[in-house]
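**Q** Please find one structure pasted underneath; my questions will follow.
The values are calculated or read from the model by the stated rules, or taken from the named source; none is laboratory data. Bear in mind that the values here come from a model prediction, so they are computed numbers and not experimental data. As a convention, Cβ positions derive from the backbone with ideal geometry for all residues, glycine included, and neighbour counts pool all protein chains shown. These accessible areas exclude ligands, DNA and RNA; they are computed on the full protein's heavy atoms, side chains included. Shrake-Rupley method; radii C 1.70, N 1.55, O 1.52, S 1.80 Å.
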Amino acid sequence: MKIVRIALPVPLNRYFDYLLPETLSVEKGCRVVVPFGHQTQIGIVVDFPQESDLPIEKLKPIQAVLDKSSLFDTEIEKLLHWAANYYHGAIGEVLFNALPVKLRNGEVAERKQLDHFIVTEKGKIALTTGENKRAKKQEDLLKILAGFNAPFVKSAEFSASAWKGLIEKGYIAQFEQAYIAESWQKKLGNRPLVNSQNRLVLNKQQTLVVSRLSYTQGFEAFLLNGVTGSGKTEVYLQAIESVLNQGKQVLVLVPEIGLTPQTVQRFKARFNVEIDALHSNLNETERLNAWLRAKNGESAIVIGTRSALFTQFADLGMIIIDEEHDSSFKQQEGWRYHARDLAILRAKNLQIPIILGSATPSLESIQNAKSGKYVELTLSARAGGSQNVKHQVIDLKTQRVNAGLSDSLLAMMQKHLSQGNQVMLFLNRRGFAPVLLCHECGWMCECEACEKPYTYHQKQRVLRCHHCAAQKVVPRQCGHCGSTNLVTTGVGTEQLEQVLAEKFPDYQISRIDRDSTARKGSLEAELQAIRQGKSQILIGTQMLAKGHHFPNVTLVAIVNVDSALFSIDFRSEERLAQLYLQVAGRAGRAEKPGEVVLQTHYPDHPLLKVLLNEGYEAFAQSALKLRQTMQLPPFCAQALFRATGKNNEQIVNFLQNLTAYFQQKTVELGLQGMQILPPFSAPMPKKAGAYRWLLLIQHPSRRLLQQLLAQFEQDKANFAIPSSIRLSLDVDPLEWN
Ligand code: ADP
Ligand code: ZN
Ligand code: ZN
């Protein structure tokens, strides 16, 4: 019997060997069912080794083979193995993560025609006996359907409950038919590829950029550095057009929040080709179908968030990453990969171009453009004739402030509103107030599991911890002195809404944050109300900042930036600069001039001065200089170990041992210049009841750092990691929490 090496979806970085019974045959990359412990598991075949580490009589046989051929083409297989190795993910988890959920659960990897139904024998009998007569709507529908000679699709003309009833009673059933894949080119037929009436006449800068993109061959990485509203999307669309003209497919990655129906609509309006958008409203069957459509060459364009990177294509010709600086491209849990960085590798492996677009590129990408790894293309002016915005800082120290709003800001709002325009306010804090405290003794109502104050939510009259999901009724008395004089401090979006409703009773307010948009579809409805001008005052967290175009917004205000100015995270300034420009980009997009206002107690902070007086480019250059002096990324590679657990002392001891291990290995392997920082407490030292400690290792050379990590991977099994400690590794970390 043949030995088969299998990857299982378990958090262990190793393979498992099984035997292939003579009655079965299987290829690499296929799914199999194997016994695992007392259960069975689905695994993926990765190899057929000559020998196993275990004696052959200990190996168990495979129970079933699920696929006729590999689910992974050689390109994606290579990418996933490289990525598992680089990010130190468990190989089984990495491979399974790249598949749609239905395939992870054993579904057949074939497209199904799910949308057609037929009337069953049972349904025909029911019509003659009249047994379902009492369900009038169902009966009427069934009569109509029985008159059809061919399979039919569900139609919205009849009530959804009537369809559901007929299916549940077995009167109609899904019609299974062999599915024949048709390439997107064939489906396009004689129709034109592009709806050319929608194609814009490019301005000079766009023309230069598009023509540079059109003569690229093989792998090339472009950094499309274009201010908000400069027409990057138009550049993408025209670049895509030439790739589609060569009969190739395109992958577009957007940030989590960017995948709104509006974005997708722009693509669909331009091209007459099959486009799949992998947004969060798809069910698992639709996701599987979209995955198969790309692999079969049925779809021409796939638009999706981070995980869409692992979509396989029949013939991929270009990758585009919009808002490349956005941190949602980094997976922050489990297997922590960076979709942008992996996309670069994927483009290189496939020898195709990749475009990274942003109005505020990450410092990493700016440095890569500087060093010649990326080709930088610039769009410095707003397209479509819109005007540039005016920036202004309000010094809160010199102002009367009510609920976070200065008198000057209120006056400006009044001016813009009375001119019939919309105003937008940003505050990165949801809820009513971030702290509830005792006015007599200063006691704060804290989440015990996180040791951080609860946020007060007035509408629901609850306290919520924004770090874990804990919820608590609002106490009537101080937990320390018993006083009933409890007060809130600080301002959240909910309070802002309340205060503004009092100050501007003649205007409607839309609030967009995680609380107000928790219901499915409510975000889209709220955005629609804004677009139609039904509300004039828009309040939101960062959710509102990204990618939404509201042409009537002429005033944008950032209510408070102060906490971001003094963070210990060296990336917080970069993030603030990006947020600021993102937000500023919301103002004055059409023919109306825009104003951007920032409220702060620190108008002289160097970051704000450079950013406001000289712009993002200048900020980026000075920030890069500082990073270089301090030997921080992108001038060094980092690996961050996170250890969490209930026993604080035990974690510290463990990380001290780990530090000693790394110091010793660094000497043994001769890795000079390795910096192993002493373990330190996370910025959020306790979360959901667990203590959190960090161990940071860095080296100017990515390769040498990887050499040390690979050594640890080998030794890990002998390393006694207490079972009460969770240890995870984050390569190229973006966050310290
Ligand atoms: P970005 O993606 O850089 O923010 P968009 O592609 O969304 O910019 O373009 C901003 C606005 O300018 C859109 O309304 C778009 O229709 C318009 N626009 C873009 N390019 C042109 C052009 N060449 N001529 C006229 N309008 C343009
Ligand atoms: Zn908590
Ligand atoms: Zn008290």
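**Q** Filter the trypsin sites (Lys or Arg not before Pro) in the stretch 120-159 down to the DSSP loop ones having no more than 13 other Cβ atoms within 10 Å, then list what survives. Working shown, then result.
**A** Values: sites: Lys122, Lys124, Lys133, Arg134, Lys136, Lys137, Lys143, Lys154; in loops: Lys133, Arg134, Lys154.
Filter output for the stretch 120-159: Lys133, Arg134.
**Q** Order the peptides 411-422, 230-241 from the highest to the lowest mean number of other Cβ atoms within 10 Å of their residues.
**A** On the way: 411-422: 16.0, 230-241: 22.8.
So the order, starting with the most tightly packed, is 230-241, 411-422.
**Q** With only alpha-carbon pairs counted, each pair once and no self-pairs, how large is the Kirkwood hydrodynamic radius of the stretch 461-620 in angstroms? Please list the in-between numbers first.
**A** Working: mean 1/r = 0.0549 Å⁻¹.
After inverting the mean inverse Cα-Cα distance, the result is 18.2 Å.
**Q** Please report the carbon-and-sulfur percent of the accessible area for the chain; probe 1.4 Å, protein heavy atoms only, DNA, RNA and ligands left out.
**A** On the way: 17250 of 34650 Å².
That fraction is 50 percent.
**Q** R0 = 35 Å: FRET efficiency of Arg476 with His549, Cβ-based, nearest 0.05? Display every interim value, and only then the final one.
**A** Working: r = 46 Å, r/R0 = 1.33.
For R0 = 35 Å, the calculated efficiency reads 0.15.
**Q** Considering just Cα atoms, how many Å³ per residue does the convex hull of the stretch 216-295 enclose? Kindly include the intermediate steps, with their values, before the conclusion.
**A** On the way: hull volume 10.0 nm³, N = 80.
Enclosed volume per residue, from the Cα hull, is 126 Å³.
**Q** Another question about this same structure. So how far, in whole Å, is the C-alpha centre of the stretch 78-100 from the one of the stretch 605-667?
**A** 26
**Q** Let me ask another. For the chain, what does -39500 (n - 2.57) per DSSP helix run (n ≥ 4), summed and divided by total residues, give at 222 nm, in deg cm²/dmol to the nearest 500? Intermediate values should be presented prior to the final figure.
**A** On the way: 22 runs with 234 residues, N = 737.
Roughly -9500 deg cm²/dmol at 222 nm, from the helical runs in the chain.
**Q** Here's a follow-up. In vacuo Debye scattering of the stretch 404-529, one point per C-alpha: log10 I(q)/I(0) at q = 0.10, 0.13, 0.19 Å⁻¹?
**A** Reported log10 I(q)/I(0), two decimals: -0.40, -0.63, -1.08.
**Q** So, one more: Would you mind estimating how fast the stretch 153-204 diffuses translationally, via Stokes-Einstein at 10 °C and 1.306 mPa s with the Kirkwood radius over Cα pairs, in µm²/s? Don't jump to the answer; show the numbers that get you there.
**A** Values: Rh = 15.9 Å.
The diffusion coefficient I find is 100 µm²/s.
**Q** In the chain, with Lys and Arg counted as +1 and Asp and Glu as -1 at Cβ, which of these residues, Phe16, Ala83, Thr484, has the Cα nearest the positive end of the dipole, that is, farthest along it?
**A** Thr484
**Q** With +1 on each Lys and Arg Cβ and -1 on each Asp and Glu Cβ, and nothing else charged, work out how big the dipole of the stretch 369-435 is about its Cα centre, in Debye to the nearest 20. Show your work: numbers first, answer last.
**A** Numbers: 9 positive and 3 negative charges, 31 e Å.
Rounded to the nearest 20 debye, it is 140 debye.
**Q** Restricting to DSSP loop positions (anything but H, G, I, E, B) with no more than 14 other Cβ atoms inside 10 Å of their own Cβ, which GluC sites (Glu not before Pro) remain in the stretch 572-679?
**A** Working: sites: Glu573, Glu574, Glu591, Glu595, Glu614, Glu617, Glu649, Glu668; in loops: Glu591.
Answer in residue order: Glu591.
**Q** Could you quote the convex hull projected area for the stretch 374-446, Cα atoms only and averaged over all directions, in nm²?
**A** Details: hull surface 42.3 nm².
It is 10.6 nm².
**Q** Can I ask one more? List the extent of the Cα atoms of the stretch 605-737 along each of their three principal axes, largest first, rounded to whole Å.
**A** Between the extreme Cα coordinates on each principal axis of the stretch 605-737 lie 55, 39, 17 Å.
**Q** Taking the Cβ of Gln249 as the center, what net charge do the other residues with Cβ under 11 Å away carry, scoring Lys and Arg +1 and Asp and Glu -1? The partial results should precede the final answer.
**A** On the way: positive: Lys248, Arg293, Lys295; negative: Glu274, Asp276, Glu298, Asp315.
Here the count lands on -1.
**Q** Still on this structure, I have one more. Multiply the residue gap between Asn613 and Asn105 by 0.36 nm, knock off their C-alpha separation, and tell me the result in nm, one decimal place. Don't jump to the answer; show the numbers that get you there.
**A** On the way: separation 508, 0.36 × 508 = 182.88 nm, distance 5.52 nm.
Extending this stretch completely gives an extra 177.4 nm.
**Q** Once the stretch 292-429 is represented by equal point scatterers at the alpha-carbon sites, with solvent omitted, what log10 I(q)/I(0) does the Debye formula produce at q = 0.12, 0.13 Å⁻¹?
**A** Taken in order of the listed q values, log10 I(q)/I(0) reads -0.76, -0.83.
**Q** What are the DSSP H helices in the chain that stretch 27 Å or more along their long axis, judged by alpha-carbon atoms, and whose average Kyte-Doolittle hydropathy comes to at least -1.0? Each step should come with its number before you reach the end.
**A** Values: long enough: 648-668 (30 Å, -0.49).
Flagged H segments are 648-668.
**Q** How about the stretch 3-78: which GluC sites (Glu not before Pro) there are in a DSSP loop, with at most 13 other Cβ atoms within 10 Å of their Cβ? Don't skip to the end; give the middle numbers.
**A** Values: sites: Glu22, Glu27, Glu51, Glu57, Glu75, Glu77; in loops: Glu22, Glu27, Glu51.
For GluC sites (Glu not before Pro) across the stretch 3-78 that sit outside H, G, I, E and B with at most 13 neighbouring Cβ atoms in 10 Å, the list reads Glu22, Glu27, Glu51.
**Q** Quick one: net charge of Ser161's neighbours, Cβ under 15 Å, K/R +1, D/E -1? Please report the intermediate quantities before stating the final value.
**A** Values: positive: Arg134, Lys136, Lys137, Lys154, Lys164, Lys169; negative: Glu139, Asp140, Glu157, Glu168.
Here the count lands on +2.
**Q** Here is a further query. Could you tell me what percent of the DSSP beta bridges with both partners in the chain are antiparallel, to the nearest 5?
**A** Values: 60 of 112 bridges.
Bridges in the chain that DSSP calls antiparallel: roughly 55 percent.
**Q** Based on the inverse mean of 1/r over its pairs of different Cα atoms, what is the Kirkwood hydrodynamic radius of the stretch 198-338, in Å? Working shown, then result.
**A** Working: mean 1/r = 0.0632 Å⁻¹.
Computed over the stretch 198-338, the radius equals 15.8 Å.
**Q** Cα atoms only: what Rg and Dmax, in Å, come out for the stretch 64-158?
**A** Over the stretch 64-158's Cα set, Rg and Dmax evaluate to 23.0, 67 Å.
**Q** Next up: Stretch Lys78-His601 to full length: gain in nm at 0.36 nm per residue minus the Cα-Cα span?
**A** 183.1 nm
**Q** Hey, another quick one. With a ≥ b ≥ c taken as the square roots of the eigenvalues of the C-alpha gyration tensor of the stretch 664-706, please select rounded if a/c is under 1.5 and otherwise prolate if a/b is larger than b/c or oblate if it is not? Walk me through the numbers before you get to the answer.
**A** On the way: a/c = 3.58, a/b = 2.77, b/c = 1.29.
Since a/c reaches 1.5 and a/b is larger than b/c, the shape of the stretch 664-706 is classed as prolate.
**Q** Right, here's the next one. Just check the stretch 202-261 against the gyration tensor rule for me: Cα atoms, a ≥ b ≥ c as the square roots of the eigenvalues, rounded for a/c under 1.5, and otherwise prolate or oblate depending on whether a/b exceeds b/c. Provide the component values of the computation, followed by the final result.
**A** Details: a/c = 1.69, a/b = 1.13, b/c = 1.49.
Taking the square roots of the gyration eigenvalues as a ≥ b ≥ c, the stretch 202-261 is oblate.
**Q** Let me have the relative contact order for the chain, percent, based on Cα pairs under 8 Å that are six or more residues apart.
**A** Answer for the chain is 10 percent.
**Q** Rounded, prolate or oblate, given the Cα gyration tensor of the stretch 430-498, with a/c below 1.5 counting as rounded? Don't jump to the answer; show the numbers that get you there.
**A** Values: a/c = 1.81, a/b = 1.24, b/c = 1.46.
Oblate, because a/c is 1.5 or more while a/b does not exceed b/c.
**Q** Based only on Cα atoms, what Rg/Rh ratio does the stretch 68-116 have, Rh being taken as Kirkwood's radius?
**A** On the way: Rg = 13.2 Å, Rh = 12.2 Å.
Radius of gyration relative to Kirkwood radius: 1.08.
**Q** If you don't mind, there's one more thing I want to ask. Peptides 463-474, 342-353, 708-719: what's the order by average Cβ count within 10 Å, highest mean first?
**A** Numbers: 463-474: 15.5, 342-353: 19.1, 708-719: 13.5.
In decreasing order of mean packing, 463-474, 342-353, 708-719 become 342-353, 463-474, 708-719.
**Q** Taking the Cβ-Cβ separation of Gln262 and Asn283 as r and a Förster radius of 30 Å, what is the calculated FRET efficiency to the nearest 0.05? Before the final figure, lay out each step's value.
**A** On the way: r = 22 Å, r/R0 = 0.72.
Efficiency, rounded to the nearest 0.05: 0.85.
**Q** For the chain, what does the accessible surface come to per residue with a 1.4 Å probe? Please give it in Å². Mind dumping the intermediate values first?
**A** Working: 34650 Å² over 737 residues.
On a per-residue basis, the chain sits at 47 Å².
**Q** Expressed as a whole number of Å, what is the distance separating the alpha-carbon centroids of the stretch 270-305 and the stretch 146-217?
**A** What the calculation gives is 10 Å, centre to centre.
**Q** I've got another one for you. On alpha-carbon atoms, Rg over Rh for the chain using Kirkwood Rh? Working shown, then result.
**A** Numbers: Rg = 28.9 Å, Rh = 29.4 Å.
Result: Rg/Rh = 0.99.
**Q** Report the FRET efficiency, 1/(1 + (r/R0)^6), for Phe570 and Leu410, where r is their Cβ-Cβ distance and R0 is 41 Å, rounded to 0.05.
**A** On the way: r = 36 Å, r/R0 = 0.87.
The value I calculate is 0.70.
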